[in-house]
1. Return B:Met1, A:Met79 ranked ascending by Cβ neighbour count within 10 Å, so the fewest neighbours appear first.
2. Any chance you could tell me what percent of the C-alpha pair distances in the protein assembly as shown go past 43 Å?
3. Can you give me the angle between helix A:266-282 and the longest principal axis of chain A, using Cα atoms only, in degrees from 0 to 90, rounded to the nearest 10?
4. With both partners inside the stretch B:259-405, how many of the DSSP beta bridges are antiparallel, as a percent to the nearest 5?
5. With charges set only on the Cβ (+1 for Lys and Arg, -1 for Asp and Glu), what does the dipole of the protein assembly as shown come to about its Cα centre, in debye to the nearest 20?
6. Quick one: which residues, 5+ away or cross-chain, put their amide H under 5 Å from the amide H of B:Ala259? H built at 1.01 Å from N.
7. Using only Cα atoms, find the angle between the long axis of helix A:325-335 and the longest principal axis of chain A, and express it within 0 to 90 degrees, rounded to the nearest 10.
8. Counting other beta carbons within 10 Å of each residue's own, what order do B:Arg163, B:Arg2 fall into, fewest first?
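Only the coordinates and a few stated rules stand behind these numbers; no lab work does. Bear in mind that the values here come from a model prediction, so they are computed numbers and not experimental data. With ideal geometry, Cβ positions are generated from the backbone for all residues, glycine too; neighbour counts draw on all protein chains shown.
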Number of protein chains: 2
Amino acid sequence: MREIVLEVGKRAKRAAMKLSTASTSEKNKALKLIAENLLSQKDVILSANQVDLEKADQKGITGALRDRLLLTEGRLKEMANGLLEVVELKDPVGEVVAGWKISNGLEIKKVRVPLGVVAMIYEARPNVTVDAAGLCLKSGNAVILRGSSIAWNSNFALTRVIREALSQTELPVDSVQYLEDPSHEAAQDLMKLVGYIDVLIPRGGESLIRSTIENAKVPVIETGVGNCHVYVDASADLEMAKRIVINAKCQRPGVCNAAETLLVHQKIANLFLPLIVEALKERGVEMFGCPETRKIVSGVQPATEEDWKREYLDLKIAIKVVGSLDEAIAHINTYGTKHSEAIVTNDYLNARRFQEEVDAAAVYVNASTRFTDGGQFGLGAEIGISTQKLHARGPMSLAELTSTKFLISGNGQIRE
Amino acid sequence: MREIVLEVGKRAKRAAMKLSTASTSEKNKALKLIAENLLSQKDVILSANQVDLEKADQKGITGALRDRLLLTEGRLKEMANGLLEVVELKDPVGEVVAGWKISNGLEIKKVRVPLGVVAMIYEARPNVTVDAAGLCLKSGNAVILRGSSIAWNSNFALTRVIREALSQTELPVDSVQYLEDPSHEAAQDLMKLVGYIDVLIPRGGESLIRSTIENAKVPVIETGVGNCHVYVDASADLEMAKRIVINAKCQRPGVCNAAETLLVHQKIANLFLPLIVEALKERGVEMFGCPETRKIVSGVQPATEEDWKREYLDLKIAIKVVGSLDEAIAHINTYGTKHSEAIVTNDYLNARRFQEEVDAAAVYVNASTRFTDGGQFGLGAEIGISTQKLHARGPMSLAELTSTKFLISGNGQIRE
């Protein structure tokens, strides 16, 4: 264990202790100050970002990855607005989740408390630094941040702005820390900081998530990987199905709740496939189909086993004709990543079975998978989308950053 | 990864899929059948237990450990009754935890679903085999059991009885499996069965818990280790304090919610220590005190740093005089295991601060720590007491063996 990692852990734990009893108004004050400082110190932040961008250019990084790294005045404004939205969200800490009295007169209350110390390991986008800090502060958690080396200077500048704002409040400055050691080993040590970290949330591609699960000894919440399906049932309204498939695939192909595979019931394959394939072609989507699909439509490349597993995050889609609802459910439960799954149908019992039997965080009937998002659900900003079953499933907002505690009050009760 | 462990995992996953949609009445039928069979097949079970007991005797195992291993007709009846109590508990699966409609007309429901596959690694007491199977079945989870080698034959016989009962129902027999490979390596493999186990719950002593956290790659819930404190504040009713301390220490010293350290405010130390030390002596409790304590009372051995950390699980207690509420809270947050902590006080603000600032699953004012128990809280039988903050904290009953899932229903909604 590197000294610097242990030190960061100790500071976070001390900060968390203080932060856990901070008032909502003090936390909101900090969020507003951070929002202001992001804008007033935009030059410092953007020039740090410029250093990262130049390094990225030297490495030949282009396209979506470079774009994710880029900060602009507009993006800083979005981050600041995001913080102000968190100010408006209800503070989850102190909520009495349940309460009752037992026969001997003891009063039991179950109340929400912060988790304590949250650690985040994440990839390119520097806005995660600000979003995570905001949600953790509001929910009374100290946070240890660790972004990717490609965004090092940007993340560091953002953290400095956040900490400067904290120093003007009653909250501990160490409520938000950035792990300054850029080495792979430091990240590995962070994953093993048992006793200091209450939850570690990795955000990024599949390899980051896998490596975290493989190496972490602190509790982890698995997030984000989404191999999502749209299944068009025999009774589907085909126009509705087309609209939903296009939206789920094309509205924003690079995100985790975009559809990656289309399943079509064989009874309507002859009617639906020509319709959808034409529409997907128009939008420049590359298609990979099963032999059945390729018999019906042209311009579809042969799909391999890999295509059923892949999260393309791109204008690509796999297409498979299935013989039944059972086959569709079995395919999804085999290849899906338990994120977001949709059926388009007008058959009541099939809709019911699909929602019951598909094992995923969000299961849709007659709607696009693209709604799996804290904001869309009306839950507020999210720190990630959990694809595991423990603690939180689906969009994780403020409540998911809390634990509970039993408070028991009596007047001398003992156990007989 | 040993083939046998992977095979058990695959079977559990298949069983879980089927079990997740099983009806409450079918699950209750299975529980009742198991309860009946435990009694009708008592001879087989008790003779298997006899084999374990003889081996234990050869190894010179005596006292509490041998007693925990022992099965009797009475204990089998208790297990059977425990199952019938679980029959009476409300099935958590399908409960709509929350539901709302968003502006575009999408209906969102958050419903309880089983976790999937629960694995338990546990020590001596064979009743865990039956208790865990019962709670997992009722909550729709498949369970993989792995007891200690000392109770091998007993656990195996109990599992056979459970599986025979399952074979007479519609539920999959593999809903309850016992990992038949007794090797240490097989247990280690079980901890690493990522993709097959949704949660692993270790139950036993500190070394088992530590080793599980150290080695597991599947999600773990930390349970049970309880270094619990009673703090007697300056304003405490001393008779009430005495009653609570005696109960917390002596009513059942071998359990996790028994008190291990007594903290006494210096203002009342001269009055309270003679009173409590005499009462503890009468009950045969060995005492280890700080220098301050030993100045005031005799018959108390010197406490070392180790005494503040130890979970004695025995008629032993550490005693420390503290100068303030702050010192008491700091001591508890330093040495406690976040299980159950109590203050005895008549000072309103101190009671409030103690409950807010002590970081533990259950924080008591003027009551014994011995109430931290699913049954006592009125929550029903428990599968363990979580001392971590993720997913569940405190007694874990049926609801804590579930996850949730978002069901979203629409009529063609797409994201703009």
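1. B:Met1, A:Met79
2. The answer is 35 percent, as a whole percent.
3. 70
4. On the way: 3 of 18 bridges.
Close to 15 percent.
5. On the way: 102 positive and 106 negative charges, 96 e Å.
Roughly 460 debye for the protein assembly as shown.
6. Sorted by chain and number, the residues that satisfy this are B:Lys249.
7. The angle comes out at about 50 degrees.
8. Details: B:Arg163 18, B:Arg2 15.
Listed from fewest to most nearby Cβ atoms, that is B:Arg2, B:Arg163.
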